[in-house]
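These notes are about the structure you will find just below.
No lab work stands behind these numbers, since they all come straight from the coordinates. These figures come from a predicted structure and were not determined experimentally. Because the Cβ atoms are built from the backbone with ideal geometry, glycine has one as well, and the counts that use them run over all protein chains shown.
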Amino acid sequence: MQRTTQAERAALALDGGTPVRARLLPYARQSIGPTEVEAVVAALGSDWLTTGPRVGEFEQRFAEATGARHAVAVSSGTAALHVAMAALELREGDEVLVPALTFAASANAALYVGARPVFVDVDPGTLLVDPLDAARKLGPRTRALVAVDYAGQTCDYAVLQSFCAASGLELVSDACHALGALDELGRVGTLARLNTFSLHPAKHITSAEGGVVTTADGELASRLRTLRNHGIDTDLAQRERTGAHHYDVARLGWNYRLTDLQCALGSAQLAHLEEFVARRAHLATRYAQALERHELVRPLRRRPGAGHAWHLYVVQLELERLRADRDRIFRALRAEGIGVQVHYRPLPLHSLYRERLGTRAGDCPVAEAAYQRLLSLPLFPGMSDADQDDVLHALDKVLEAYRA
Ligand SMILES: *Cc1c(COP(=O)(O)O)cnc(C)c1O
């Protein structure tokens, strides 16, 4: 890293200087092309806006893309986690191990079924769930573990699978960051009993809102289909085909259906999945080349054998060498037109879990320490190399300004 003198340094946009970019570069953005537009328009003119043939088509394609036997489409990643918990028949009194560093939905799914999330700390290098801490948090009521492939890097499923098998736990993969990743054990979507995905626009492919659960277990798959449709044993299209009006509400379910419009969009997006992941990997490699030996930021450690779908490019600030905290650097980068983000404020610190579960600061010290340093840099397939050079330029400009 070249040292510049005070005089040579451009004034930070935060201090009234010229920003690196006039318009904010977002941290994530969907890529929608003409095939997506055509597919949605065709669905709009078809007989079925929801519960039609495009749902099954999308599920079939999603199963093929992930190598999973069954894929069940639902209305969001959150709904995917909820029906996964319900399909496993988790209930009040049960405990579910959830990493501290994830999106709230990973833990809320347990609360939706009356179970109690128990937060597990993460590894300081990868920020993936720490199996040793999971073992420490294991109790007589623990029924399941939610593994989160943080930033897109796969957890150590070999270790988690044997831990869960030895402890009688169900393993659920919250793979919302990792669609398209290939772990040494197999493709994401096949690594746990139930695997959940989000189709939010910030994720690898989108249906505007949407989610998917994959499983190799046919019985679980049909339970998931029932749960997403009010707990009804057949759907409208099936009844239309057989001419029967009779149906049975077999269990308590929800309306978590994904519409044909969304499935049309999802299928068109799936055709680009490999290309999108390859583009993300290309940008990640460029970030790594620029930042691997940087004195002021540290990219996440790569886990040997892990797959990576590069949902996020996360760095940790070397605060010991800086005169500013993360929030100041966050604001300075935003002022430069770089849409950095923070993934995530550890869940035990949020009011909901403090009030409901009695969590508090100090519960997951590694996640809390990492949180002080975290920054996610912009990363999405439609970002150009020149956009990325702006990010790196702004990062250097800001970090050098605050070098201790
Ligand atoms: C995005 C995300 C979810 C929730 O997905 P939605 O589709 O927004 O409901 C759950 N878990 C993780 C880790 C996510 O990143």
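In segment 127-176, inverting the average of 1/r over every pair of distinct C-alpha atoms gives 11.0 Å as the Kirkwood radius.
Projected onto their three principal axes, the Cα atoms of segment 255-399 cover extents of 49, 45, 36 Å, largest first.
Out of all Cα-Cα pairs in segment 365-404, roughly what percent, to the nearest whole number, are more than 16 Å apart? In whole percent, the share of Cα-Cα pairs in segment 365-404 beyond 16 Å is 53. Ordering 145, 171 by the number of other Cβ atoms within 10 Å of each residue's own Cβ, fewest first, gives 171, 145. The distance linking segment 225-258 with segment 98-154 is 32 Å (Cα centroid to Cα centroid, whole angstrom). By the helix-only formula, in which each DSSP H run with n ≥ 4 contributes -39500 (n - 2.57) and the sum is divided by residues, the chain has a 222 nm mean residue ellipticity of -11000 deg cm²/dmol. Relative contact order for the chain: 24 percent, from Cα pairs under 8 Å spaced at least 6 residues apart, divided by residue count. Qualifying trypsin sites (Lys or Arg not before Pro) in segment 168-252, where qualification requires a DSSP coil assignment and no more than 16 other C-beta atoms within 10 Å, comprise 251.
Here the alpha carbons of segment 82-123 define both size measures, Rg and Dmax, at 9.9, 30 Å. Computed over every Cα-Cα pair of segment 119-240 and binned at 5 Å starting from 0, the pair-distance distribution P(r) comes out as 2, 10, 18, 20, 18, 15, 9, 4, 2, 1, 0 percent.
Toward the positive end of the charge dipole of the chain, with +1 on the Cβ of Lys and Arg and -1 on the Cβ of Asp and Glu, the farthest Cα among 369, 309, 168 is that of 369. In the chain, the longest principal axis of the Cα atoms and the axis of helix 34-44 are about 30 degrees apart. Along the axis of the charge dipole computed for segment 99-152 (Cβ charges of +1 for Lys and Arg, -1 for Asp and Glu, origin at the Cα centre), the listed residues 115, 150, 128 are led at the positive end by 115.
The equivalent ellipsoid that matches the C-alpha gyration tensor of segment 295-354 spans semi-axes of 22, 20, 14 angstrom, in descending order. Computed over the chain with a Gaussian network model linking Cα atoms closer than 10 Å, the most mobile of 92, 355, 57 is 355. Size check on segment 162-317: the Cα extents along the three principal axes, sorted descending, read 68, 41, 25 Å.
Debye-formula intensities of segment 1-123, expressed as log10 I(q)/I(0) at q = 0.11, 0.12, 0.17, 0.22 Å⁻¹, are -0.74, -0.80, -1.03, -1.27 (one equal scatterer per alpha-carbon, no solvent).
Each Lys and Arg Cβ is given +1 and each Asp and Glu Cβ -1; about its Cα centre, the chain then shows a dipole of about 760 debye. Magnitude of the charge dipole for segment 25-144, about its Cα centre and with charges confined to Cβ atoms of Lys, Arg (+1) and Asp, Glu (-1), is about 260 debye. Computed 3J(HN,Hα) for segment 220-229, one whole-Hz value per residue from the Karplus formula 6.51 cos²θ - 1.76 cosθ + 1.60 where θ = phi - 60°, is 4, 4, 6, 4, 4, 5, 5, 5, 6, 10, glycine and proline marked x.
Within segment 60-203, antiparallel bridges make up roughly 15 percent of the DSSP beta bridges whose residues both belong there. Taking other C-beta atoms within 10 Å as the exposure proxy, 398, 213 rank 398, 213 from fewest upward. Computed from backbone phi, the HN-Hα couplings of segment 148-156 come to 10, 7, 3, 6, x, 8, 6, 5, 7 Hz, rounded to whole numbers (Karplus: 6.51 cos²θ - 1.76 cosθ + 1.60, θ = phi - 60°; Gly and Pro given as x).
Normalising the Debye intensity of segment 61-139 to I(0), with uniform scatterers on Cα atoms only, and taking log10 at q = 0.25 Å⁻¹ returns -1.10.
Of the trypsin sites (Lys or Arg not before Pro) found in segment 341-404, the ones in coil according to DSSP and having at most 14 other Cβ atoms within 10 Å of their Cβ are 360.
Taking the three principal axes of the alpha carbon atoms in the chain, the coordinate ranges are 80, 53, 38 Å, sorted in descending order.
Taking only the Cα atoms of segment 96-179, the ratio Rg/Rh comes out at 0.92, with Rh defined as the Kirkwood radius.
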